[in-house]
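For reference, the structure discussed in these notes is given below.
Read-outs throughout are calculated quantities, based only on the coordinates presented, and are distinct from any laboratory measurement. As the structure is a prediction and not an experimental result, all values here were calculated from the model. Here the Cβ positions follow ideal geometry from the backbone for every residue, glycine too, while neighbour counts run over all protein chains shown.
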Amino acid sequence: MKPLILCLGNDLLGDDGIGIRAAEKLQTMLDGQADVVATSMHGVALLDLLVGYKRVIIIDAIQMSGFPPGSVIELELGDLRTVQSPSPHYTGLPELILLAEQMQLDFPEEIKIFAVEIDDPYTVGREMSMAVSKSLQKLIPCVMAYIDWWQNGTYHA
Amino acid sequence: MSDRIVIDPITRLEGHGKIDIILNDSGGVDRAYLQVPELRGFERFAQGRPAEDMPQITSRICGVCPTAHHMAGTKALDDLYKVDPPPAARKIRELVYNIFYVEDHALHFFYLAGPDFVVGPKAPKAERNILGVLGKVGQEIGLKVIGTRRQLRELMTMIMGKAIHPVFGLPGGISKPIAKEDQQKIIDAADVAVEFAQFSLKIFNDVVLSNPKYMEYITSDIYTHKTYYMGMVDQNNKVNFYDGPIRVVDPDGKELCKFPHGKYLDHVAEHVEPWSYMRFSYLKDIGWNGFNDGPGSGIFAVAPLARLNASDGMATPLAQEAYEQFYKACGGKPVHFTLANSWARLIEMLYSAERMKELAHDPEIVNPKVHNIPTEKPVEGVGIVEAPRGTLIHHYQTDEKGLITKANLIVATQNNSARIALSVDKAARGLIKNGQVDDGILNMVEMAFRAYDPCHGCATHALPGQMPLSVRVFDSQHNLLKDIRRR
């Protein structure tokens, strides 16, 4: 079964568009080895997209990792797996995962998260910063390596 | 010496925000502020773009209520080109809009308000979430919530189109009619929606209204403000979300004014404060008189409670029954209790579902004539809808080719912002005594604004998962005294 690469963000809001940019790039490179979905939806709406997949990579922008803008941070589900943590939207990913577990939905067994630290997601129509734009050079090979590993059992980092 | 407490970011609020609470020497509250980040650059971004792109652009900016922006933008285009949609297009727009309402109001109840009312405001933080709600009401209900939401989303995709950013609303109509064979799906989903709304109201009745403690919270003075109320009404002064004049009532419930969309600037003005990016809407008819309530202050409210207060009732039978029960239980009209918004929201959800059902059965909705071609030269257009979070105003000016020269949006949360500021301040003052601040008290301060379902949504993120709520206490010199992280 194909894995899903779920790219979150908003391309009208400068650096917040990094996930969408990554989706465009991956779409052309992957040659059908994975489903790539770009969306500005969030919270419980993501449930509709995730259900039915076994393996998922999520790409999103964050703004508080403590690393400089453009840093790519690889997160395990365990890093987020705490329902107490607040989310800026209806319900965060950790809450969603626990909800899916409790509801016994057909939820992915493996979720890998790549987060890119960003600078300013509050200016409409702003250009993406150079640092964040450059992060694709690190981000894309990481994602491709995972897909390769999952699909072919080979790993070329 | 005064201490400063910061709640940042606010749990379960849509969009980012934080609360600053400044304590006085005796450990009471000197002042509490809600701070939100500002979305910048919209006007400049819009300039020079074709007006027809605005329903798409504005709905992409906001990931929380894209359908409301899409609809306000589309109606502004009708006004800009002075063209009315054919009856089928008008009805289909209203149908989609009511489907969106059922889904959006349901989410608020089960995910945002539910933890406060079903689980309890002082329950351990780890339980105050959707899982805690399901723990109380049962897993089957969880599946029902998820299933109904999904069915409604699929219906919206069927009607509006599957693209990520659908081109649905056009000046003078919509982009595609409803196929005859799809009407039955809409009828079936409408039945599910009505039943779902009734069942959500029943949960509220069983869990909240029968609990004297919760009713004490709802009717408590710390969550009460006597302000003006604004909402859209139909020709019979009944609540409407899609179209109709805007009506404002005073704190005694008497009509202050009722105006068509193009006249909004005669009634709504904006006040600016140095401590906030947010602009505070107030009524020009009364004037800005500081952060006070009462008939002498131009502060008004929008959103469910305000809409019910500003109307003479609901246009559908079951919702009307719930409306009457609401005012009877709350001791007459208008209701000034902020937390009653959660109840009002469920009454509105029932109305949306019933209206969806009426429109689903209307033979007109499968009429293929859904677009009137505009012929007038564009100059200026205003479009207003009731977003779930309150009155939403889009105002465009263009050159003769229809390229935007000026765009002004007044979003629902901005219309509510002055009253939200009052609510946060009053709740903090009422709840924090002798410098004692615990998790339950902070949550009850947050409840004061969560009831409005405020949306400061802009950037869209599912992450970070681990961002804790931090409560920081500063002395008057802004030295950090304590740093409490709520994990």
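Proximity of backbone amide H atoms, modeled 1.01 Å from N, is registered between B:Val370 and no other residue at under 5 Å, excluding neighbours fewer than 5 places apart on the same chain. For chain B, complete DSSP H runs whose alpha carbons reach 20 Å or more along their own long axis and whose mean Kyte-Doolittle score is 0.0 or higher are B:139-160, B:183-203.
Approximating the spin labels as points 7 Å out from Cα along Cα→Cβ, the B:Asp234-to-B:Ser276 distance works out to 3.4 nm. Helical content alone sets the calculated 222 nm signal of chain A at -10000 deg cm²/dmol, taking -39,500 (n - 2.57) per DSSP H segment of four or more residues and averaging over every residue. The Cα center of region A:116-136 and the Cα center of region B:57-86 differ in position by 28 Å. The mean count of C-beta atoms from other chains within 10 Å of the C-beta of residues in A:38-48, rounded to a whole number, is 6. Percent of Cα-Cα pairs more than 23 Å apart in chain A, please. Across chain A, Cα pairs with separations above 23 Å total 34 percent.
Projecting the Cα atoms of B:Ile174, B:Ser220, B:Ile187 onto the dipole axis of region B:165-250, where Lys and Arg carry +1 and Asp and Glu carry -1 at the beta carbon, places B:Ile174 farthest toward the positive end.
Cross-link partners of B:Lys357 among aspartates and glutamates, defined as those whose alpha carbon lies under 15 angstrom from its own and excluding same-chain residues fewer than eight positions apart: B:Glu94, B:Glu103, B:Asp182, B:Asp188, B:Asp191, B:Glu195, B:Glu348. Rounded to the nearest 20, the size of the Cβ-charge dipole of region B:30-165 about its Cα centre is 260 debye, with Lys and Arg at +1 and Asp and Glu at -1.
If R0 equals 25 Å, the separation of the Cβ atoms of B:Glu358 and B:Lys284 corresponds to a calculated FRET efficiency of about 0.10.
Only lysine pairs 8 or more places apart, or on different chains, with alpha-carbon atoms under 19 angstrom apart are counted in chain A, and they number 8.
A simple rule links phi to the HN-Hα coupling: the Karplus curve 6.51 cos²θ - 1.76 cosθ + 1.60 with θ = phi - 60°, which for region A:25-32 gives 5, 5, 3, 6, 8, 7, 6, x Hz, with x for Gly and Pro. For B:Asn211 and A:Asn152, a Förster radius of 51 Å and the Cβ-Cβ distance give a FRET efficiency of 0.30, rounded to the nearest 0.05.
About its Cα centre, region B:255-377 has a charge dipole of approximately 140 debye under the convention of +1 per Lys or Arg Cβ and -1 per Asp or Glu Cβ, with nothing else charged. For the pair A:Ala131 and B:Glu255, what calculated FRET efficiency results from E = 1/(1 + (r/R0)^6), where r is the Cβ-Cβ distance and R0 = 56 Å, to the nearest 0.05? Plugging the Cβ-Cβ distance into 1/(1 + (r/R0)^6) gives 0.50. Sites listed here are trypsin sites (Lys or Arg not before Pro) in region A:1-54 whose DSSP assignment is loop and whose Cβ has at most 15 other Cβ atoms within 10 Å: A:Lys54. For every other residue with a beta carbon closer than 13 angstrom to the beta carbon of B:Ala88, add +1 if it is Lys or Arg and -1 if Asp or Glu, then tell me the sum. Result for the local shell: +2. Quick check: the distance between the Cα centres of region B:98-137 and region B:312-371, to the nearest angstrom? Their Cα centres are 21 Å away from one another.
Using only alpha-carbon positions in the protein assembly as shown, the gyration tensor eigenvalues give semi-axes of 34, 32, 26 Å once each is multiplied by 5 and square-rooted (largest first). When only the Cβ of Lys, Arg, Asp and Glu is charged (+1, +1, -1, -1), the dipole of chain B relative to its Cα centre reaches about 740 debye.
Taking amide H as placed 1.01 Å from N in the peptide plane, B:Thr391 has its amide H under 5 Å from the amide H of B:Ala303, each at least 5 places away in sequence or on another chain. Note on A:Gln102 and A:Lys2: the extension gain reaches 33.5 nm, defined as 0.36 nm multiplied by sequence separation minus the Cα-Cα distance. Backbone phi angles across region B:42-48, fed through the Karplus curve with coefficients 6.51, -1.76 and 1.60 (θ = phi - 60°), yield HN-Hα couplings of 4, 4, 5, 4, 6, 4, x Hz in residue order; Gly and Pro are listed as x. Translational diffusion of region B:151-272 was estimated from the Stokes-Einstein equation, with Rh taken as the Kirkwood radius over Cα pairs; at 25 °C and 0.890 mPa s the coefficient is 128 µm²/s. As a proxy for reagent exposure, ranking B:Leu318, B:Leu77 by other Cβ atoms within 10 Å from fewest up yields B:Leu318, B:Leu77.
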